[in-house]
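See structure below.
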Amino acid sequence: MQQQGISAVIICRDEQRTIAAAIDSLLGLVDEILVLDTGSTDSTLDILSGYGAAITLYTRRWNDDFSAARNFAIAQTRYRWCLMLDADEYIASESRPEFRRTLIRLMHEDHGRTLYAPLIDNLNGTQLLNNARLFKKRPSLRYYGRVHEYLREAQSEIRFVPEIRIHHTGYLTDSEHQKHKHQRNWTLLQQQMALEPNNLRWQYFALRYLPDDGPEYADIMRNFAALPLPYDSQWEIYALNIKARFIHWLLLRGEPHQAFQHAEALYQHYQSREVTTLYLLARYLNAREKFREEAWIAYQLQLSLNDLESDDYLTERADIGSFRHALAEFTQIANGNLLR
């Protein structure tokens, strides 16, 4: 029977620049640090050897599957709980003092189906609040996906744990390193999409790699936009994010009416600050577009007045002077070219 405690797991390959920071941040916090190297050719293995008995090191041939690597590593751990940390991440210093206390509390509160998501700070202004990294091991829980892998288990739920903060430096690396990872991940994602073409998670991540002016990008956006509201909990995170992006995309393309229709439908079910902002923006731009269309028709009618004859038999004429303020405003708008 496995011992009560926590094993931290790190998968790495050619991470000489970041692996030490990841391991150092875990020392004294967890009961085991297991590192799986999948074929490093730089000095990563030399750095790892310097930790001696402080870490448990495994090596495994890379087979183009991050889930396979993670599941293998988890199977080698000694303790009941696992914390997954990427090689370009580290536990924030402000989380260290309360880390063990937080973990003990979660162990006591756990009901067997919860996955715990720390706050992951990308250090570029973005954060992740729903990326499960901490969990109690059980046979029903495994990673799925060749890339952008995730823990999959029927009826599990994700709980946000802001007390545990992880800093991610991956987006701060040099462009060549990023380009290599980008190309590798896109290749793996295409393979995963071929295996599970109906899994919306893979379509969601595909948008990271596709040009936003291409037909594939548009197809995925419209596929998400057509999902019925409110969203199924299985896809809610992905669908909500893409729906918001789709509305923004429509506004940028000069389609405020379509944007308004989608924003209004979304607002009926999700009334966060961000959704409400999109809704009011789409509503205003749609109203402005309608006004311009109607005002342009009125402007064309105004231009035609000089070519028209008065009706001598029309004795009940409207008192146009009563609307002089409106006519003056309209003329000002027309002369200011605000209708074009």
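The values are calculated or read from the model by the stated rules, or taken from the named source; none is laboratory data. Only a predicted model underlies this, so the values are computations on that prediction, with no experimental measurement involved. Ideal geometry is used to build each Cβ from the backbone, glycine not excepted, and the neighbour counts take in all protein chains shown. Heads up: the accessible areas ignore ligands, DNA and RNA and are worked out on the full protein's heavy atoms, side chains in. Shrake-Rupley method; radii C 1.70, N 1.55, O 1.52, S 1.80 Å.
For segment 1-132, the fraction of 1.4 Å probe accessible surface lying on carbon and sulfur atoms is 49 percent.
At q = 0.11, 0.20, 0.23 Å⁻¹, what is the base-10 log of I(q)/I(0) for segment 1-99 according to the Debye formula with one equal point scatterer per Cα and no solvent? Please give it to two decimals. Ignoring solvent entirely, the Cα scatterers give -0.30, -0.99, -1.28. The residue among A244, L129, L29 whose Cα reaches farthest toward the positive pole of the charge dipole of the chain, with charges on the beta-carbon of Lys, Arg, Asp and Glu, is L29. Applying 1/(1 + (r/R0)^6) with r as the Cβ-Cβ distance of R78 and H257 and R0 = 41 angstrom yields a FRET efficiency of 0.10. About its Cα centre, segment 121-231 has a charge dipole of approximately 600 debye under the convention of +1 per Lys or Arg Cβ and -1 per Asp or Glu Cβ, with nothing else charged. Listed options for percent of Cα pairs over 31 Å apart are (i) 49; (ii) 35; (iii) 30. The value calculated from this structure is the one marked (i).
For the chain, the 222 nm mean residue ellipticity estimated from helices alone, with every DSSP H stretch of n ≥ 4 adding -39500 (n - 2.57) and the total spread over all residues, rounds to -14000 deg cm²/dmol. Accessible area ranking (1.4 Å probe, heavy atoms, ligands and nucleic acids excluded), largest first, for F224, F330, F291: F291, F330, F224. I237 contributes an accessible area of around 80 Å² to the protein surface, as traced by a 1.4 Å probe with all chains present. Segment R100..E274, full-extension length gain: 59.2 nm, with 0.36 nm per residue of separation and the alpha-carbon distance subtracted. Rounded to the nearest 20 debye, the dipole size of the chain about its Cα centre is 1540 debye, using +1 on the Cβ of Lys and Arg and -1 on the Cβ of Asp and Glu.
Indicate the gyration tensor shape class of segment 179-295 (rounded, prolate or oblate), computed on the Cα atoms with a ≥ b ≥ c the square roots of the eigenvalues: a/c under 1.5 is rounded; otherwise a/b larger than b/c is prolate and the rest oblate. Verdict is prolate for segment 179-295. Of the residues Y58, L207, F224, the one whose Cα sits farthest toward the positive end of the charge dipole of the chain, with +1 on the Cβ of Lys and Arg and -1 on the Cβ of Asp and Glu, is Y58.
Counting only Cβ charges, +1 for Lys and Arg and -1 for Asp and Glu, the dipole size of segment 1-99 around its Cα centre is about 380 debye.
Quick one: among S233, S43, S322, which has the greatest mean-square fluctuation in a GNM of the chain with alpha-carbon springs under 10 angstrom? So, out of S233, S43, S322, the one fluctuating most is S322. State whether segment 109-235 is rounded, prolate or oblate according to the following rule on the C-alpha gyration tensor (a ≥ b ≥ c being the square roots of its eigenvalues): a/c under 1.5 gives rounded; otherwise a/b larger than b/c gives prolate, and the remaining case gives oblate. Oblate, because a/c is 1.5 or more while a/b does not exceed b/c.
Springs join every pair of Cα atoms under 10 Å in this Gaussian network model of the chain, and among N306, N241, N199 the largest mean-square fluctuation is at N306. Considering only Q16, Q192, Q302, the mean-square fluctuation computed in a Gaussian network model of the chain, springs between alpha carbons under 10 angstrom, is largest for Q302.
Using a probe of 1.4 angstrom and keeping all protein chains present, the accessible surface of the chain works out to 58 square angstrom per residue. Note on K181: accessible area approximately 40 square angstrom, rounded to 10, probe 1.4 Å, nucleic acids and ligands left out. Taking the 1.4 Å solvent-accessible surface of segment 172-271 as the whole, the part contributed by carbon and sulfur is 49%.
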